[in-house]
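Presented below is the structure to which this report refers.
The values are calculated or read from the model by the stated rules, or taken from the named source; none is laboratory data. Nothing here was measured: the structure is a model prediction, and the numbers come from that model. In this analysis, Cβ positions are derived from the backbone assuming ideal geometry, glycine residues included, and neighbour counts consider all displayed protein chains.
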Amino acid sequence: MKSLLFLCAFFFLSFTPPEADAILGVWKNSSGKGHIQIYKQDHKFYGKIIWLKDALDSEGNPKVDKKNSDPEKRKTSLLGMVMLRDFSYKNGEWDGGRIYNPSDGKEYKGWMKMKDQKTLTVRGYMGISLFGKSDTWTRIK
């Protein structure tokens with residue numbers, strides 16, 4: 001009996017509603033300068049930069065995270081960088097995650113919500129969501 005209860009609890013705790021996976025795929029940011037692949041790992045959602053319009057700096061080297069507050073990370077390539085992390089799905093939106101903005105080197109609280117299958121609103125903020133900025137992304141794949 002305990003085994004059955006454990007299995008049932010495990011199933012419900014590890015279950016992700018099918019609509020939660022609707023966000024998975026490749027998205028283009030509103031400027032068109034970056035593509036972000038959203039993927040799932042351990043029931044959380046993440047996003048990494050997989051394409052940049054201007055991936056090289058003026059010297060022909062891959063662009064790096066030069067505005068990061070951590071000097072050790074300033075040589076990290078922007079391509080492959082995880083910029084969205086730890087988002088959970090609940091009630092039609094992905095929340096509780098963090099968004100790293102390489103343009104200013106800062107990390108923000110964030111949420112994401114799909115308007116439809118091809119449109120995603122991504123909002124980063126400090127403190128409360130009222131004090132933030134939204135960006136509209138378009139699905140590529």
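Worth pointing out:
- Enumeration of residues in the range 85-134 that are among the polar types (S, T, N, Q) and either surrounded by 18 or more Cβ atoms within 10 Å (Cβ to Cβ) or in a strand (DSSP E or B) (or both): S88, N101, T119, T121, S134
- Taking residues in the range 112-127 that are within 14 Å of K141 (Cα to Cα), and partners anywhere that are outside any strand (DSSP E or B), the pairs with Cβ atoms closer than 9 Å and at least 6 places apart or on different chains are Q117/A22; L120/I23.
- Of all residues in the range 60-78, none are closer than 22 Å to A22 by Cβ and modelled with pLDDT of 95 or more.
- Residues being in contact (Cβ under 8 Å) with a residue 24 or more places away in the chain, out of contact with any strand residue (DSSP E or B) (no Cβ under 7 Å at 6 or more places or on another chain) and outside any strand (DSSP E or B) - total across the range 15-65: 3
- The numbered conditions (1) surrounded by 14 or more Cβ atoms within 10 Å (Cβ to Cβ); (2) over 12 Å from the mean Cα position of the chain (by Cα) are all true for W137 except (2).
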